[in-house]
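The values are calculated or read from the model by the stated rules, or taken from the named source; none is laboratory data. Values in this document were obtained by computation on a predicted structure and should not be read as measured data. With ideal geometry, Cβ positions are generated from the backbone for all residues, glycine too; neighbour counts draw on all protein chains shown. Only protein heavy atoms, including side chains, enter the accessible area calculation; ligands, DNA and RNA are left aside. Shrake-Rupley method; radii C 1.70, N 1.55, O 1.52, S 1.80 Å.
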Amino acid sequence: MSIIGCRNLNFSYKNRSIYNNFSLEINRGEVVGLLGKNGVGKSTFLNLLTGNLTPKSGEIFIFDTDIKHLSNDQKSKIGILYEGFVCYDYLKISQIHNLYRYFYQEKFKDDIFLDFLDKLKVDLKRYINTLSCGQKSQVVLALLLSINPEILILDDYSLGIDAGYRSLFLEYLKNYIKDKTKTILLTTHIVSNLDEILTKMVVLQNDKKPIIMDVKDFQQNFNGYLVDGDFRDENLNITSMLQINKNEKKIYGFFELNDKQKIKMDFEEAFLGLIGRY
Ligand SMILES: Nc1ncnc2c1ncn2[C@@H]1O[C@H](COP(=O)(O)OP(=O)(O)OP(=O)(O)O)[C@@H](O)[C@H]1O
């Protein structure tokens, strides 16, 4: 049973088609990155998934249930971070904390929230609207993790947060998914170290079919090579090319070239090799 998915999804904004017969299955325990350049349709997918937008046609399901028919109990097991985090700006951190405790009762994990807030080092009496963008993100992410949802949907979780907090949050996420009962679907523009938690990547591309693959398969089969500046091979399916100078360039793709120098790549470089740098 897939826990999140869509079948033959079609969606357009007026005449700009974003999804064209898009199908996706995410299983329980997977951590899926919905990735791609600005404007390819990442937030749109999350908005379709959460019912904020309605598709032209196709089915969208969560917990194997059409999203139109999700029960309140099913909804309470989903934690969503919207891009730019809609948050109760006019409340103090302590008030929003109490609100969540009251609403989620024993489901709310106080220790997780307080542990995060301790690292944030701000007074709980501060109003949310007096916090910096990154601090607001930290409060919202702490609230989300504290309700311990079965499904976590994070739209651009890295917005405004610094490298230290991002790495702390990734550590928490690793712990959160350890028993393989939780599922995460996230979008982000910061892909460095993402391979530490992602199991699957869904790479959306303008006017092209999305690439859906396991991160391990991507890392094993995607290569980059340093070649001569004038290298050409019409038979190679080169996903992107980076001219370094007149005599050298890097080429990337799902191919093996035994007579060329392979580039040692981290996930970020491989990802840029896949989608191209602009
Ligand atoms: N309400 C709207 N009306 C018309 N076009 C829209 C609307 N919302 C988004 N778009 C367009 O649809 C495309 C997909 O937008 P979306 O926000 O899903 O992209 P994204 O991949 O999340 O982008 P980013 O990485 O910049 O957050 C973009 O080209 C955007 O300009």
| said: Every residue in region 1-11 that is among the aliphatic types (A, V, I, L, M) and open to solvent by 50 Å² or more (accessible area, probe 1.4 Å), please. | reply: MET1
| For TYR172, are the conditions met, namely being among the hydroxyl-bearing types (Ser, Thr, Tyr), part of a helix (DSSP H, G or I), within 21 Å of LYS77 (Cβ to Cβ) and away from the ligand (no atom under 16 Å from the Cβ)? | yes
| message | Just checking, does region 61-77 include any residue being under 14 Å from the mean Cα position of the chain (by Cα), in a strand (DSSP E or B) and either more than 16 Å from the ligand (Cβ to nearest atom) or small (Gly, Ala, Ser) (or both)? | response | no
| Of GLN74, GLN95, GLN138, which residue is out of contact with any Ser or Thr (no Cβ under 8 Å at 6 or more places or on another chain), at pLDDT 90 or above and either assigned by TED's automatic domain parsing to the domain that holds GLY58 or under 28 Å from GLY39 (Cα atoms) (or both)? | GLN95
| said: If I filter region 12-43 down to residues being of a type in the set (Lys, Arg) and more than 26 Å from ASP195 (Cβ to Cβ), which single residue comes out as surrounded by the fewest Cβ atoms within 10 Å (Cβ to Cβ)? | reply: LYS14
| query | Taking region 245-271 as the region of interest, how many residues are touching a Gly at 6+ places or on another chain (Cβ under 6 Å) and closer than 11 Å to GLY224 by Cα? | reply | 5
| remark: Within region 154-169, the count of residues that are more than 13 Å from the ligand (Cβ to nearest atom) and among the hydrophobic types (A, V, I, L, M, F, W, C) comes to 4
| Could we say that SER146 is in the same structural domain as THR50 (by TED's automatic domain parsing) and either within 16 Å of the ligand (Cβ to nearest atom) or out of contact with any Phe, Trp or Tyr (no Cβ under 9 Å at 6 or more places or on another chain) (or both) here? | no
| field | Residue count for region 121-139, restricted to those that are touching a residue at least 40 places away in the same chain (Cβ under 8 Å), open to solvent by 20 Å² or more (accessible area, probe 1.4 Å) and not basic (Lys, Arg) | value | 1
| task | Could you pull out the residue among ASP228, ASP207, ASP259 that is out of contact with any strand residue (DSSP E or B) (no Cβ under 6 Å at 6 or more places or on another chain) and in the same structural domain as SER12 (by TED's automatic domain parsing)? | result | ASP207
| field | Top-ranked residue in region 16-56 [being basic (Lys, Arg) and closer than 14 Å to PRO210 by Cα; ranked as farthest from the ligand (Cβ to nearest atom)] | value | LYS37
